[in-house]
Amino acid sequence: MEVLLFVAAALRISVPYALAAMGAAVSERGGVICIALEGIMLNGALGYVLGAHATGNPWVGLSTAVLAGLATAWLHAEVTVRFRADQITSGLGINLLAAGLTRFVLVRVFHSSSNSPRVVGLPDWDLFGLSRLPAIGPLLGSPLVLLTAACVPLVWWLLFRSVFGLRLRSIGENPEAAASLGLHVPRYRTQGVLICGALASLAGAWLASEQHSFNDGMTGGRGYIALAAMIVGKWNPVGAAAACLLFGTADALQIRLQGSAFPSELLQALPYLVTMLALAGFIGRAVAPKAVGVPFDPDQR
Amino acid sequence: MSASRPRLAAALGWAAPLAAVLAALAAGAVFIAAIGESPLEIYALMFREAFGTGYGLGQTLFKTTPLLFTGLAVALAFRAGLFNIGVESQMYLGGFAAALVGAYAPLPGVLLLPATLLAAAVAGGAWGAIPGSLKARFGAHEVINTIMLNFIAISLVSWIGRGLFETASVRTRDIAAGAWLPRLDTLLPEFRGAPANFSLLLALVLAVLVGVLLFRTRLGYELRAVGMNASAAEAAGISIGRSQVLAMSLSGAIAGLGGVNFVLGYKHYFELEFTGGAGFIGIAVALLGRNHPFGVLLAALFFGGLSHGALVINQRVPRELVNVLQGLVILFAISAQAVAARLARRWA
């Protein structure tokens, strides 16, 4: 029982990481760096609360969350794909913008600089009696957990088995060659960023639904952890999800060990240390798509 | 006609950040108008508060100071082709180290202040050297590594701080009075009450030094050569790895020194999260200032004024408007820059 509760806690923490990390894998495989994850998640979380608050319906909240995430991702795509500006800086700009915008809306709409009123969370489903299992039951009844689990093979299939994925990856490796074969590079890149926006906004919606409210800065750097997991997972949604489980387990362990003599700060820093080791090539080489971060300029061939 | 083209391209380069600021203010005006206030009135109010009185200007300069440090740090690394997103934690650790030395080092008065400053620079520089070395040795991307190090620094400080911080607080004990940096109002009474302090002068000196280093020395030439075209620089006999480690260390040292504005000049102790995002705004500062010390100074003043001016409008417009403006300025600036660069290429 004790073990199962711990597993449930670790899984629960991994859910938003995994959603955002899979999104980042899609965006980056197409050649667009997505440091904007944090901002997309934050706007998604606020979107959920605004929709759920206005209608009392969590499914409306989920839809407004996705809309908010798509709008944020679209902005990132406009700046990086249409204007071909630096992708890293755009991501940082979007994260700053989202931090300010969500606080602005919080003050204007809910008259508080820290949190929104309580809103309804997503309901549980009871598929095949799974949700009645001990300890991990409630988790398996959550629609977003099921969706996350379904997304791992789905996003993998999309990237590595579908025509869209093949084209997207070829654009991420060599956009000039892809363009010479007649592919519309900006369109594919924009679609990749939008898919990332939808997935990362679900991560934000999950956080808001779990907490039943929006709190200022509630993503707390989770977007950056997701980005790190995507790197450790080698730009592969399955690897990314596995890294998210590892990071989630470290988090759960750290919460368990708080207040004990064990330095929980070490566990806190673990995901970041692992990522640095992976980047330096100590845990298998993590190689980014060749053209990631490079704006595609059709005039410069 | 053809002779004026380079000049036209240069003018375009400076016009881009200006256009970005105007566009961001225009977008901000939409927000202000949307909640039923007059954008012009609000902006005028902010401007008067930020630059209109001695006290207001002193507050603005206080908020400008850390941005000047972080902006210079980002700009220096940028010139060497490196994107230092780690200035936030380099400043954080710089302030932490300064506070530890200032509070605990049993040094005589004369040596204490230089020792705290040195500690700040060394801590920030060492934290910058890590991603610099990883880049030089393994080709590991400095952007991801500096982001990771930002988070690791937070854990590191809270770990060291476990037995150190004053009970039931998140700060170190006070530093010795010998390591305090005096306020500017001891020199200029007009600033009375404002926390602007001698860190600003230190930042201005650094701005000049960075300018001299980049544009008047052989080393600066090498750094810029690596930044512009690494393989050409290597062919010319410049060591890329050495330049990268050096640029990141210097950048980190400048950011680390920026921590003294708060620690030595204002509160006289280190407090968790004292940087408050100055490292990230520093990226916007370097961007708007086109990685030139003088441009960085102007941009830091702009963002400093914005953040102090925000305090007076809060009754009418949420001061978070300023955070929105910061984000918008970045997005507009890089878009305008990309467009300007394309136009310049087309005309060349």
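Data for the structure
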{"item": "Residue match in the range B:195-216 (condition: surrounded by fewer than 20 Cβ atoms within 10 Å (Cβ to Cβ), without any contact (Cβ under 8 Å) to a residue 40 or more places away in the chain and not hydrophobic (A, V, I, L, M, F, W, C))", "result": "yes"}
{"item": "Residue match in the range B:51-62 (condition: modelled with pLDDT of 95 or more, hydrophobic (A, V, I, L, M, F, W, C), part of a helix (DSSP H, G or I) and within 19 Å of B:I283 (Cβ to Cβ))", "result": "no"}
{"item": "Identity of the residue in the range A:279-300, of a type in the set (D, E, K, R) and modelled with pLDDT under 85, that ends up farthest from B:L343 (Cα to Cα)", "result": "A:R285"}
{"item": "Filter result (surrounded by 24 or more Cβ atoms within 10 Å (Cβ to Cβ) and either touching a strand residue (DSSP E or B) at 6+ places or on another chain (Cβ under 6 Å) or away from chain A (no Cβ under 12 Å) (or both)) within the range B:298-307", "result": "B:A299, B:A300, B:G304"}
{"item": "Among the residues listed as B:V74, B:V110, B:V30, the single one being exposed (fewer than 14 other Cβ atoms within 10 Å of the Cβ), part of a helix (DSSP H, G or I) and within 14 Å of chain A (Cβ to nearest Cβ)", "result": "B:V30"}
{"item": "Qualifying residue in the range B:77-85 (condition: among the small types (G, A, S) and within 14 Å of chain A (Cβ to nearest Cβ))", "result": "yes"}
{"item": "Residues of the range A:230-252 satisfying the condition of being within 14 Å of another protein chain (Cβ to nearest Cβ) and under 25 Å from A:G121 (Cβ atoms)", "result": "A:F247, A:D251"}
{"item": "Qualifying residue in the range B:227-248 (condition: modelled with pLDDT of 95 or more and under 18 Å from the mean Cα position of the chain (by Cα))", "result": "yes"}
{"item": "Count - residues of the range A:170-193 that are touching a residue at least 24 places away in the same chain (Cβ under 8 Å) and buried (at least 20 other Cβ atoms within 10 Å of the Cβ)", "result": "9"}
{"item": "Close pairs from the range A:121-135: first surrounded by fewer than 13 Cβ atoms within 10 Å (Cβ to Cβ), partner modelled with pLDDT under 85 and not in a loop (DSSP other than H, G, I, E, B), Cβ under 8 Å, at least 6 apart", "result": "A:D126/A:R132; A:L127/A:L140"}
{"item": "Set B:Q90, B:Q59: member being within 30 Å of B:G132 (Cβ to Cβ), polar (S, T, N, Q) and in contact with a helix residue (DSSP H, G or I) (Cβ under 9 Å, 6 or more places away or on another chain)", "result": "B:Q90"}
{"item": "Options B:A136, B:A140: the member that is within 24 Å of B:T70 (Cα to Cα), within 14 Å of chain A (Cβ to nearest Cβ) and assigned to a loop (DSSP other than H, G, I, E, B)", "result": "B:A140"}
{"item": "Selection within the range A:208-227 - surrounded by 24 or more Cβ atoms within 10 Å (Cβ to Cβ), in a helix (DSSP H, G or I) and over 11 Å from the mean Cα position of the chain (by Cα)", "result": "A:A208, A:S209"}
{"item": "Boolean, A:Q254 is buried (at least 18 other Cβ atoms within 10 Å of the Cβ) and more than 27 Å from A:H184 (Cα to Cα)", "result": "yes"}
{"item": "Residue under evaluation B:F280, criteria (1) at the interface with another protein chain (Cβ under 8 Å from one of its Cβ atoms); (2) of a type outside the set (S, T, Y); (3) surrounded by fewer than 18 Cβ atoms within 10 Å (Cβ to Cβ), criterion not met", "result": "(3)"}
{"item": "Some residue of the range B:86-94 being part of a helix (DSSP H, G or I) and of a type in the set (D, E, K, R)", "result": "yes"}
{"item": "In the range A:85-120, the residues that are farther than 20 Å from B:A338 by Cα, crowded, with 19+ Cβ neighbours inside 10 Å and more than 9 Å from chain B (Cβ to nearest Cβ)", "result": "A:S116, A:V119"}
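Rundown of residues vs (1) within 11 Å of chain A (Cβ to nearest Cβ); (2) small (G, A, S), yes/no style:
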{"position": "B:H292", "(1), (2)": "no, no"}
{"position": "B:V296", "(1), (2)": "no, no"}
{"position": "B:A310", "(1), (2)": "yes, yes"}
{"position": "B:I313", "(1), (2)": "no, no"}
{"position": "B:V322", "(1), (2)": "yes, no"}
{"position": "B:L331", "(1), (2)": "yes, no"}
{"position": "B:A338", "(1), (2)": "yes, yes"}
{"position": "B:R342", "(1), (2)": "yes, no"}
{"position": "B:R345", "(1), (2)": "yes, no"}
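The values are calculated or read from the model by the stated rules, or taken from the named source; none is laboratory data. Predicted model, so just to flag it, every value in this text is computed and none were measured. With ideal geometry, Cβ positions are generated from the backbone for all residues, glycine too; neighbour counts draw on all protein chains shown.
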